[in-house]
Amino acid sequence: MTSDLTASLKAEAIAAGFSAIGIAPADACPEASARLRQFVAEGRHGDMLWMEERLHHRESPQGLWPEVRSVIMLGTSYAPRLDPLRHAENPDIGVVSVYAQGSDYHDLIKRRLKQVARWFVERTAKLGTQADVKVFVDTAPVMEKPLARAAGLGWQGKHTNLVSREHGSWLFLGAIYTTAELEYDQPHADRCGRCTACQTACPTQAFPAPYQLDARRCISYLTIENKGLIPTEFRKAIGNRIYGCDDCLAVCPWNKFAEAAQELAFAPRAELTAPALADLLQLDDAAFRQVFSGSPIKRVGRNRFVRNALVAAGNSAAPALLRQIRPLLDDPEPVVRATAVWAFRQLAAAPDITQEREKRLPTETDPDVAREWVA
(Lines give C-alpha, C1' and ligand atoms only; values in the text may rest on other atoms or scores of the structure.)
Protein backbone atom coordinates (compact mmCIF):
# COMPACT_ATOMS: atom_id res chain seq x y z
CA MET A 1 0.00 0.00 0.00
CA THR A 2 2.89 2.38 0.77
CA SER A 3 4.27 1.82 -2.71
CA ASP A 4 0.91 2.53 -4.35
CA LEU A 5 0.38 5.67 -2.26
CA THR A 6 3.85 6.95 -3.12
CA ALA A 7 3.36 6.36 -6.83
CA SER A 8 -0.03 8.10 -6.78
CA LEU A 9 1.46 11.02 -4.85
CA LYS A 10 4.20 11.51 -7.42
CA ALA A 11 1.72 11.42 -10.28
CA GLU A 12 -0.47 14.00 -8.53
CA ALA A 13 2.52 16.31 -8.00
CA ILE A 14 3.49 16.21 -11.67
CA ALA A 15 -0.15 16.82 -12.66
CA ALA A 16 -0.17 19.86 -10.33
CA GLY A 17 2.69 21.41 -12.30
CA PHE A 18 5.82 20.35 -10.44
CA SER A 19 8.84 19.37 -12.51
CA ALA A 20 10.39 16.96 -10.02
CA ILE A 21 9.46 15.11 -6.83
CA GLY A 22 11.35 12.90 -4.43
CA ILE A 23 10.81 11.62 -0.90
CA ALA A 24 13.26 11.23 1.98
CA PRO A 25 12.97 10.11 5.59
CA ALA A 26 12.92 13.02 8.02
CA ASP A 27 16.27 11.99 9.52
CA ALA A 28 18.03 11.71 6.16
CA CYS A 29 20.53 14.58 6.56
CA PRO A 30 22.31 14.32 9.93
CA GLU A 31 25.51 15.82 8.50
CA ALA A 32 23.72 18.99 7.39
CA SER A 33 23.33 20.15 10.98
CA ALA A 34 27.09 20.25 11.61
CA ARG A 35 27.71 22.14 8.36
CA LEU A 36 25.04 24.67 9.23
CA ARG A 37 26.46 25.22 12.72
CA GLN A 38 29.94 25.77 11.30
CA PHE A 39 28.56 28.21 8.69
CA VAL A 40 26.90 30.29 11.41
CA ALA A 41 29.80 29.99 13.89
CA GLU A 42 32.16 31.45 11.27
CA GLY A 43 29.77 34.35 10.68
CA ARG A 44 29.33 33.52 7.02
CA HIS A 45 25.60 34.18 7.26
CA GLY A 46 26.31 37.90 7.64
CA ASP A 47 23.29 39.91 8.75
CA MET A 48 20.85 37.04 8.16
CA LEU A 49 20.30 36.80 11.89
CA TRP A 50 17.19 34.67 11.46
CA MET A 51 19.48 31.77 10.55
CA GLU A 52 21.15 32.01 13.92
CA GLU A 53 17.99 32.72 15.91
CA ARG A 54 16.15 29.68 14.52
CA LEU A 55 19.15 27.40 14.18
CA HIS A 56 17.56 24.66 16.28
CA HIS A 57 14.52 24.62 13.99
CA ARG A 58 16.58 24.59 10.80
CA GLU A 59 19.01 21.84 11.79
CA SER A 60 16.58 19.02 11.06
CA PRO A 61 12.92 18.51 10.12
CA GLN A 62 12.25 17.09 13.60
CA GLY A 63 13.66 20.27 15.14
CA LEU A 64 10.84 22.18 13.48
CA TRP A 65 8.14 19.51 13.83
CA PRO A 66 8.93 16.49 16.04
CA GLU A 67 6.13 14.38 14.57
CA VAL A 68 7.39 14.46 10.97
CA ARG A 69 8.34 11.12 9.46
CA SER A 70 8.75 11.86 5.76
CA VAL A 71 9.80 14.86 3.70
CA ILE A 72 8.32 15.26 0.23
CA MET A 73 10.58 17.54 -1.83
CA LEU A 74 9.20 19.15 -4.97
CA GLY A 75 10.95 21.19 -7.64
CA THR A 76 9.66 23.60 -10.27
CA SER A 77 11.88 24.55 -13.19
CA TYR A 78 12.51 28.19 -13.97
CA ALA A 79 15.22 27.53 -16.57
CA PRO A 80 15.63 30.69 -18.70
CA ARG A 81 15.21 30.85 -22.46
CA LEU A 82 17.97 33.43 -22.85
CA ASP A 83 21.54 33.51 -21.54
CA PRO A 84 21.46 35.13 -18.06
CA LEU A 85 24.89 36.68 -18.74
CA ARG A 86 23.98 38.35 -22.04
CA HIS A 87 23.94 41.89 -20.57
CA ALA A 88 27.24 41.64 -18.72
CA GLU A 89 28.88 44.01 -21.23
CA ASN A 90 25.99 46.51 -21.36
CA PRO A 91 26.82 48.77 -18.38
CA ASP A 92 23.85 51.12 -18.79
CA ILE A 93 21.44 48.19 -18.28
CA GLY A 94 20.70 46.68 -14.88
CA VAL A 95 20.86 42.89 -14.56
CA VAL A 96 18.19 41.16 -12.47
CA SER A 97 18.58 37.54 -11.40
CA VAL A 98 16.52 35.14 -13.52
CA TYR A 99 14.37 33.99 -10.61
CA ALA A 100 13.15 37.55 -9.95
CA GLN A 101 12.30 38.59 -13.50
CA GLY A 102 8.80 37.06 -13.38
CA SER A 103 6.07 36.81 -10.77
CA ASP A 104 6.87 35.95 -7.17
CA TYR A 105 7.46 32.20 -7.14
CA HIS A 106 6.48 31.85 -3.48
CA ASP A 107 2.79 32.38 -4.22
CA LEU A 108 2.56 29.96 -7.12
CA ILE A 109 4.55 27.18 -5.48
CA LYS A 110 2.71 27.46 -2.17
CA ARG A 111 -0.64 27.13 -3.94
CA ARG A 112 0.57 23.99 -5.67
CA LEU A 113 2.05 22.59 -2.46
CA LYS A 114 -1.29 23.07 -0.72
CA GLN A 115 -3.09 21.42 -3.62
CA VAL A 116 -0.88 18.32 -3.41
CA ALA A 117 -1.03 18.32 0.40
CA ARG A 118 -4.85 18.41 0.40
CA TRP A 119 -4.94 15.52 -2.05
CA PHE A 120 -2.54 13.56 0.14
CA VAL A 121 -4.51 14.13 3.34
CA GLU A 122 -7.75 13.10 1.64
CA ARG A 123 -6.16 10.00 0.12
CA THR A 124 -4.67 8.85 3.44
CA ALA A 125 -8.00 9.48 5.16
CA LYS A 126 -9.71 7.18 2.67
CA LEU A 127 -7.08 4.56 3.43
CA GLY A 128 -7.94 4.81 7.12
CA THR A 129 -4.67 6.42 8.28
CA GLN A 130 -5.10 10.16 7.77
CA ALA A 131 -1.72 11.89 7.77
CA ASP A 132 -0.91 15.36 9.04
CA VAL A 133 1.07 17.69 6.77
CA LYS A 134 2.86 21.02 6.77
CA VAL A 135 3.98 22.89 3.63
CA PHE A 136 7.01 25.14 3.27
CA VAL A 137 8.48 27.27 0.51
CA ASP A 138 11.73 29.13 1.16
CA THR A 139 10.66 31.40 4.02
CA ALA A 140 10.54 28.72 6.77
CA PRO A 141 13.58 27.30 8.61
CA VAL A 142 13.95 24.34 6.27
CA MET A 143 17.21 23.14 4.68
CA GLU A 144 15.68 22.55 1.26
CA LYS A 145 18.87 21.77 -0.64
CA PRO A 146 20.24 18.94 1.56
CA LEU A 147 16.74 17.47 1.77
CA ALA A 148 16.33 17.70 -2.02
CA ARG A 149 19.60 15.81 -2.44
CA ALA A 150 18.45 13.16 0.04
CA ALA A 151 15.19 12.86 -1.89
CA GLY A 152 17.05 12.29 -5.17
CA LEU A 153 16.18 15.56 -6.94
CA GLY A 154 19.83 16.40 -7.51
CA TRP A 155 23.03 17.17 -5.63
CA GLN A 156 24.50 20.26 -3.99
CA GLY A 157 27.10 21.53 -6.41
CA LYS A 158 30.34 23.26 -5.55
CA HIS A 159 28.36 26.54 -5.59
CA THR A 160 26.22 25.01 -2.75
CA ASN A 161 23.04 25.23 -4.86
CA LEU A 162 21.10 22.22 -6.07
CA VAL A 163 22.03 20.82 -9.49
CA SER A 164 19.68 18.54 -11.39
CA ARG A 165 20.65 16.32 -14.31
CA GLU A 166 17.37 17.27 -16.02
CA HIS A 167 16.90 20.89 -14.93
CA GLY A 168 20.41 22.16 -14.34
CA SER A 169 20.73 24.82 -11.62
CA TRP A 170 17.22 26.17 -12.14
CA LEU A 171 14.81 24.60 -9.64
CA PHE A 172 12.55 26.35 -7.16
CA LEU A 173 12.13 24.05 -4.17
CA GLY A 174 9.18 23.41 -1.90
CA ALA A 175 8.64 20.87 0.88
CA ILE A 176 5.76 18.94 2.40
CA TYR A 177 6.42 17.48 5.83
CA THR A 178 4.14 14.61 6.80
CA THR A 179 3.57 12.17 9.63
CA ALA A 180 3.11 9.37 7.08
CA GLU A 181 5.84 6.88 6.28
CA LEU A 182 6.31 6.51 2.54
CA GLU A 183 8.56 4.75 0.07
CA TYR A 184 11.82 6.69 -0.06
CA ASP A 185 14.07 7.63 -2.96
CA GLN A 186 17.83 7.19 -2.97
CA PRO A 187 20.04 10.23 -2.38
CA HIS A 188 21.54 11.66 -5.55
CA ALA A 189 25.24 11.16 -6.22
CA ASP A 190 27.53 14.16 -6.69
CA ARG A 191 28.19 14.77 -10.41
CA CYS A 192 30.44 17.84 -10.25
CA GLY A 193 33.62 15.85 -10.83
CA ARG A 194 36.65 18.07 -11.44
CA CYS A 195 34.65 20.99 -12.78
CA THR A 196 35.32 24.34 -11.09
CA ALA A 197 33.38 26.61 -13.46
CA CYS A 198 31.12 28.02 -10.74
CA GLN A 199 34.06 28.71 -8.44
CA THR A 200 36.04 30.71 -10.98
CA ALA A 201 32.99 32.57 -12.30
CA CYS A 202 32.16 34.29 -8.99
CA PRO A 203 33.00 38.02 -9.34
CA THR A 204 33.52 38.51 -5.59
CA GLN A 205 35.23 35.20 -4.74
CA ALA A 206 32.44 34.14 -2.40
CA PHE A 207 33.54 30.49 -2.31
CA PRO A 208 36.34 29.88 0.23
CA ALA A 209 36.48 26.28 -1.00
CA PRO A 210 34.35 23.96 -3.13
CA TYR A 211 30.96 23.34 -1.49
CA GLN A 212 31.43 26.32 0.83
CA LEU A 213 29.89 29.79 0.58
CA ASP A 214 30.67 33.00 2.45
CA ALA A 215 27.39 34.87 2.02
CA ARG A 216 29.03 38.13 3.09
CA ARG A 217 30.89 38.18 -0.23
CA CYS A 218 28.01 36.94 -2.39
CA ILE A 219 26.39 39.49 -4.74
CA SER A 220 22.96 38.00 -4.09
CA TYR A 221 23.43 38.64 -0.37
CA LEU A 222 24.95 42.08 -0.88
CA THR A 223 22.15 43.31 -3.15
CA ILE A 224 19.19 41.61 -1.43
CA GLU A 225 19.76 40.66 2.22
CA ASN A 226 22.25 43.39 3.11
CA LYS A 227 20.38 46.46 4.38
CA GLY A 228 23.29 48.85 4.75
CA LEU A 229 25.99 50.21 2.51
CA ILE A 230 27.53 47.74 0.10
CA PRO A 231 31.20 47.47 1.14
CA THR A 232 33.47 49.47 -1.15
CA GLU A 233 35.68 46.44 -1.85
CA PHE A 234 32.84 44.69 -3.70
CA ARG A 235 31.27 47.56 -5.65
CA LYS A 236 33.38 47.33 -8.78
CA ALA A 237 32.96 43.56 -8.93
CA ILE A 238 29.19 43.91 -8.75
CA GLY A 239 29.22 45.55 -12.15
CA ASN A 240 25.68 46.10 -13.39
CA ARG A 241 23.98 43.45 -11.24
CA ILE A 242 21.16 45.24 -9.42
CA TYR A 243 19.27 42.33 -7.85
CA GLY A 244 20.97 39.01 -7.22
CA CYS A 245 23.54 37.25 -9.36
CA ASP A 246 23.35 34.20 -11.64
CA ASP A 247 26.99 33.83 -12.63
CA CYS A 248 27.77 30.64 -10.69
CA LEU A 249 24.49 29.07 -11.80
CA ALA A 250 24.67 30.14 -15.42
CA VAL A 251 28.10 28.61 -16.12
CA CYS A 252 27.21 25.14 -14.82
CA PRO A 253 27.68 22.61 -17.67
CA TRP A 254 24.64 20.64 -16.55
CA ASN A 255 22.43 23.50 -17.74
CA LYS A 256 22.81 22.26 -21.31
CA PHE A 257 20.29 19.53 -20.48
CA ALA A 258 17.70 21.94 -19.07
CA GLU A 259 14.76 22.84 -21.28
CA ALA A 260 13.36 26.37 -20.90
CA ALA A 261 10.60 26.55 -18.30
CA GLN A 262 7.07 26.50 -19.66
CA GLU A 263 5.45 28.18 -16.64
CA LEU A 264 4.06 31.53 -17.82
CA ALA A 265 4.28 33.04 -14.34
CA PHE A 266 8.07 32.77 -14.51
CA ALA A 267 8.32 34.42 -17.91
CA PRO A 268 10.37 37.62 -17.55
CA ARG A 269 8.50 40.90 -17.39
CA ALA A 270 9.31 43.19 -20.28
CA GLU A 271 10.53 45.92 -17.93
CA LEU A 272 13.04 43.54 -16.29
CA THR A 273 14.67 41.93 -19.31
CA ALA A 274 16.86 44.97 -19.99
CA PRO A 275 15.99 47.78 -17.51
CA ALA A 276 17.74 51.09 -18.12
CA LEU A 277 19.62 52.39 -15.09
CA ALA A 278 18.51 55.93 -15.92
CA ASP A 279 14.90 54.89 -15.36
CA LEU A 280 15.56 52.90 -12.18
CA LEU A 281 17.42 55.77 -10.52
CA GLN A 282 14.31 57.93 -10.75
CA LEU A 283 12.03 55.56 -8.83
CA ASP A 284 10.39 57.00 -5.74
CA ASP A 285 8.64 54.73 -3.26
CA ALA A 286 5.24 54.88 -4.95
CA ALA A 287 6.65 54.18 -8.40
CA PHE A 288 8.79 51.34 -7.05
CA ARG A 289 5.76 49.67 -5.47
CA GLN A 290 3.76 50.04 -8.65
CA VAL A 291 6.46 48.70 -10.97
CA PHE A 292 7.31 45.73 -8.76
CA SER A 293 3.88 44.75 -7.54
CA GLY A 294 3.72 40.94 -7.48
CA SER A 295 7.50 40.68 -7.92
CA PRO A 296 9.97 39.20 -5.40
CA ILE A 297 11.97 42.41 -5.87
CA LYS A 298 9.34 44.31 -3.92
CA ARG A 299 10.49 42.83 -0.63
CA VAL A 300 13.81 44.73 -0.63
CA GLY A 301 12.05 48.08 -0.86
CA ARG A 302 12.84 51.14 -2.92
CA ASN A 303 15.85 52.30 -0.90
CA ARG A 304 17.90 49.13 -1.23
CA PHE A 305 16.97 48.75 -4.87
CA VAL A 306 18.00 52.31 -5.76
CA ARG A 307 21.21 51.78 -3.75
CA ASN A 308 21.96 48.82 -6.03
CA ALA A 309 21.16 50.83 -9.15
CA LEU A 310 23.53 53.55 -7.96
CA VAL A 311 26.38 51.05 -7.60
CA ALA A 312 25.70 49.87 -11.15
CA ALA A 313 25.57 53.48 -12.33
CA GLY A 314 28.92 54.18 -10.69
CA ASN A 315 30.37 51.25 -12.63
CA SER A 316 28.80 52.29 -15.94
CA ALA A 317 31.43 54.80 -17.16
CA ALA A 318 28.41 56.78 -18.42
CA PRO A 319 28.60 60.43 -17.27
CA ALA A 320 25.13 60.99 -18.72
CA LEU A 321 23.77 59.22 -15.62
CA LEU A 322 24.95 62.12 -13.43
CA ARG A 323 21.66 63.80 -14.29
CA GLN A 324 19.77 61.08 -12.42
CA ILE A 325 22.38 60.72 -9.66
CA ARG A 326 22.52 64.39 -8.60
CA PRO A 327 19.01 64.51 -7.04
CA LEU A 328 19.84 61.42 -5.01
CA LEU A 329 22.65 63.27 -3.22
CA ASP A 330 19.83 64.78 -1.16
CA ASP A 331 17.65 61.69 -0.90
CA PRO A 332 15.89 61.26 2.49
CA GLU A 333 17.45 57.81 2.92
CA PRO A 334 21.07 57.91 4.25
CA VAL A 335 22.15 54.73 2.42
CA VAL A 336 20.87 56.12 -0.87
CA ARG A 337 22.61 59.49 -0.27
CA ALA A 338 25.90 57.85 0.60
CA THR A 339 25.85 55.51 -2.38
CA ALA A 340 24.91 58.43 -4.62
CA VAL A 341 28.05 60.22 -3.44
CA TRP A 342 30.16 57.20 -4.41
CA ALA A 343 28.48 56.87 -7.80
CA PHE A 344 28.88 60.61 -8.44
CA ARG A 345 32.59 60.42 -7.65
CA GLN A 346 33.04 57.55 -10.12
CA LEU A 347 31.52 59.48 -13.02
CA ALA A 348 32.17 63.17 -12.43
CA ALA A 349 35.24 65.10 -13.48
CA ALA A 350 37.35 66.58 -10.67
CA PRO A 351 35.95 70.15 -10.96
CA ASP A 352 32.41 68.82 -10.67
CA ILE A 353 33.31 66.94 -7.51
CA THR A 354 34.74 70.11 -6.01
CA GLN A 355 31.57 72.02 -6.79
CA GLU A 356 29.39 69.34 -5.22
CA ARG A 357 31.58 69.32 -2.12
CA GLU A 358 30.98 73.06 -1.72
CA LYS A 359 27.25 72.64 -2.19
CA ARG A 360 26.89 69.89 0.37
CA LEU A 361 29.59 69.27 2.97
CA PRO A 362 29.19 66.15 5.10
CA THR A 363 28.17 66.62 8.71
CA GLU A 364 28.52 64.58 11.87
CA THR A 365 24.82 63.71 11.61
CA ASP A 366 25.35 62.17 8.17
CA PRO A 367 28.29 59.80 8.74
CA ASP A 368 27.57 57.56 5.76
CA VAL A 369 27.83 60.48 3.35
CA ALA A 370 30.92 61.80 5.13
CA ARG A 371 32.60 58.43 4.79
CA GLU A 372 31.98 58.38 1.05
CA TRP A 373 33.29 61.94 0.53
CA VAL A 374 36.58 61.21 2.23
CA ALA A 375 37.06 57.73 0.77
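Some points to look at:
- Restricted to segment 249-359, the set of helices (runs of 4 or more DSSP H) holding at least 1 residues that are surrounded by fewer than 16 Cβ atoms within 10 Å (Cβ to Cβ) comprises 270-273, 277-280, 285-291, 322-325, 350-359.
- Flag for D104 being at pLDDT below 95 and either surrounded by 13 or more Cβ atoms within 10 Å (Cβ to Cβ) or of a type in the set (S, T, Y) (or both): yes
- As for segment 140-148, it holds at least one residue that is closer than 16 Å to L74 by Cβ, among the acidic types (D, E) and surrounded by 21 or more Cβ atoms within 10 Å (Cβ to Cβ).
- Checked against (1) outside any loop (DSSP other than H, G, I, E, B); (2) crowded, with 16+ Cβ neighbours inside 10 Å, I14 passes all but a single condition, namely (2).
- Residue within segment 27-36 that is surrounded by fewer than 22 Cβ atoms within 10 Å (Cβ to Cβ), touching a Gly at 6+ places or on another chain (Cβ under 9 Å) and not in a helix (DSSP H, G or I) present: no
- Test: residue in segment 234-242 that is assigned to a loop (DSSP other than H, G, I, E, B) and in contact (Cβ under 8 Å) with a residue 40 or more places away in the chain: yes
- Looking only at segment 108-137, residues that are touching an Asp or Glu at 6+ places or on another chain (Cβ under 8 Å) and of a type in the set (S, T, N, Q) come to 0 in all.
A quick yes/no check of all residues on (1) charged (D, E, K, R); (2) crowded, with 17+ Cβ neighbours inside 10 Å:
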position	(1), (2)
R111	yes, no
R118	yes, no
E122	yes, no
L127	no, no
G152	no, yes
Q156	no, yes
G168	no, yes
F172	no, yes
I176	no, yes
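- Of all residues in segment 164-205 being free of Cβ contacts under 8 Å to residues at least 24 places away in the same chain and not β-branched (V, I, T), the one that is farthest from I23 (Cα to Cα): Q205
- Given (1) under 27 Å from E225 (Cα atoms); (2) out of contact with any His (no Cβ under 7 Å at 6 or more places or on another chain), number of the condition S77 does not satisfy: (2)
- For first residues located in segment 262-286 and within 15 Å of V98 (Cβ to Cβ) and at pLDDT 90 or above, partners that are part of a helix (DSSP H, G or I) and small (G, A, S) and lie 6+ apart or on another chain with Cβ distances below 8 Å form the pairs L272/A100.
- Test: P208 is assigned to a loop (DSSP other than H, G, I, E, B) and touching an Asp or Glu at 6+ places or on another chain (Cβ under 6 Å): yes
- Qualifying residue in segment 81-93 (condition: of a type in the set (D, E), surrounded by 15 or more Cβ atoms within 10 Å (Cβ to Cβ) and in contact (Cβ under 8 Å) with a residue 12 or more places away in the chain): yes
- Scanning segment 38-64 for residues that are part of a loop (DSSP other than H, G, I, E, B) and either of a type in the set (K, R) or crowded, with 16+ Cβ neighbours inside 10 Å (or both) yields R44, H45, G46, R54, E59, S60.
- Members of segment 111-148 that are more than 13 Å from G174 (Cα to Cα) and assigned to a loop (DSSP other than H, G, I, E, B): L127, G128, T129, Q130, A131, D132
- Filtered residue count, segment 8-27, keeping only those that are under 12 Å from F120 (Cα atoms) and either without any contact (Cβ under 8 Å) to a residue 40 or more places away in the chain or touching a Pro at 6+ places or on another chain (Cβ under 6 Å) (or both): 2
- Set side by side, the residues Y99, Y78 differ, and just one is in contact with a Phe, Trp or Tyr (Cβ under 9 Å, 6 or more places away or on another chain), closer than 19 Å to A140 by Cβ and of a type in the set (S, T, Y), which is Y99.
The values are calculated or read from the model by the stated rules, or taken from the named source; none is laboratory data. Fair warning: this is a prediction, and the values are worked out from it, not measured in the lab. In this analysis, Cβ positions are derived from the backbone assuming ideal geometry, glycine residues included, and neighbour counts consider all displayed protein chains.
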